[in-house]
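The values are calculated or read from the model by the stated rules, or taken from the named source; none is laboratory data. What you are looking at is a predicted structure, and each value in this text was computed from that prediction instead of being measured. Glycine also receives a Cβ, built like all others from the backbone with ideal geometry; neighbour counts cover every protein chain displayed. With ligands, DNA and RNA removed, areas are computed over all heavy atoms of the protein, side chains included. Shrake-Rupley method; radii C 1.70, N 1.55, O 1.52, S 1.80 Å.
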Amino acid sequence: MAFDYGSFVKGKGNTSMNNFTFYSPTYFVFGKDTEMEAGHYVKRFGGSKVLLHYGGGSVVRSGLLDRVKESLKKENIKFAELGGVQPNPRSGLVYKGIDLCRKEGVDFILAVGGGSSIDSAKAIAAGVKYDGDFWDFYEGKPITEALPIGTVLTIAAAGSEGSGDSVITKEEGMLKRGTGGEALRPVFSILNPALTQTLPAYQTAAGATDIMAHVFERYFTNTKEVEITDRLCEAVLLTMVKEVPRVIIDPNNYEARANIMWAGMVAHNNLVGVGRSQDWASHGIEHELSALYDVAHGAGLAVIFPAWMAYVYKYNINRFAQIAVRVWGCQMNFENPEVTALEGIERLKQFLTSIGMPINFRELGAKEEDIPAMVEKLGLGENGTIGSFVPLTSKDVEQIYRLAL
């Protein structure tokens, strides 16, 4: 099974770096014990009544939430609390948060946790300033204003601590959709790598896969002559290839954790993606997996990305061969670059397996009989497409799911 290139002109796209603007105003506070400064930064950025938004579990058991509360009390900042954020955060808690913020007169939201807590906080922040249904933003309405957001990060994965993006699952129909806007960029983010040392190996690996996927979505581009961002992408990927096995072996390796945590931010604040077209098909395809099975987003991406690569690689064999050589250390076969491209895809699968990630439906717990429903929920219809590198139809998406079996 492979993409039908007859309907798509090979090489389509810009021939040089695109014009772009780049503004990333988040104030990052990185290092050990920095969560103790949360109250200081809330006050610095104008917060006087805070919504503390978190999942529960580890942030409570570890004492992190109490330390953050103490930092707020130290600055005489009042706060309300809303816990219960789930992985693949749900719309029901967002509605509850919007109502609570309005009732309590909240003027700042502080997310304590990973990407799910931060994404949920962003949805609440946008919803509080909007008279309609916040879900409108996840169906394409532009976001023009939101409450300011701060974060205390506990897992390196989504990059939400430095981006303007948010993904929420609507419980009615279990639709997983994303939105974005500059108003959603956190005004500050506290990154203490030590907070990630208690994560189970599976969560660490799923987060790392998500980081790598954010780079892949930008790396596979139709824009030519973007060597600087190619090299930045490759640097992030090489860092992950080196550091992730180190933390799987030794979860307390602070140095490796630090490199991974900063890589997660760099991968998704768009520094590595400016001036080039980006794809994002694999994320959209994966969202239907994690919405249906409630699996870790990174684990779903570990299944989808190799399948997507195997389906589209012939569209631009040289780009796949380039990443195989520069990131995976493959030897370039100049007589037959396809051999190198396929070897790179295989090396990716081997790496994912080595860190404990699933690479097919069986290992993920997904079912072949659910494929038609996932394709339909993606909402492409008969004529719609997803992705920029190679625009994919519903039939293409179905084939990618089947390659992932």
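Before moving on, here are some points about what is shown:
- Those residues of the range 141-162 which are without any contact (Cβ under 8 Å) to a residue 60 or more places away in the chain and part of a strand (DSSP E or B), in sequence order: ILE149, THR151
- For VAL325, the conditions (1) β-branched (Val, Ile, Thr); (2) without any contact (Cβ under 8 Å) to a residue 40 or more places away in the chain; (3) closer than 15 Å to PHE389 by Cβ all hold with the exception of (3).
- Residue match in the range 85-102 (condition: in a strand (DSSP E or B), at negative phi, aliphatic (A, V, I, L, M) and at pLDDT 95 or above): no
- For the range 201-224, a residue qualifies if it is closer than 30 Å to GLY39 by Cβ and either without any contact (Cβ under 8 Å) to a residue 24 or more places away in the chain or hydrophobic (A, V, I, L, M, F, W, C) (or both), and exactly one does: ILE211.
- Condition met for SER189 (under 18 Å from the mean Cα position of the chain (by Cα), buried (at least 18 other Cβ atoms within 10 Å of the Cβ) and over 22 Å from LEU72 (Cβ atoms)): no
- From ALA373, ALA341, ALA366, ALA404, residue being farther than 25 Å from ILE211 by Cα and touching a helix residue (DSSP H, G or I) at 6+ places or on another chain (Cβ under 8 Å): ALA373
- Looking only at the range 233-253, residues that are part of a helix (DSSP H, G or I) and open to solvent by 60 Å² or more (accessible area, probe 1.4 Å) come to 4 in all.
- Candidate set from the range 153-168 (those that are buried (at least 24 other Cβ atoms within 10 Å of the Cβ) and touching a Lys or Arg at 6+ places or on another chain (Cβ under 9 Å)); member that is farthest from VAL272 (Cα to Cα): ILE168
- Test: residue in the range 336-352 that is in contact with a Pro (Cβ under 6 Å, 6 or more places away or on another chain), open to solvent by 20 Å² or more (accessible area, probe 1.4 Å) and of a type in the set (D, E, K, R): yes
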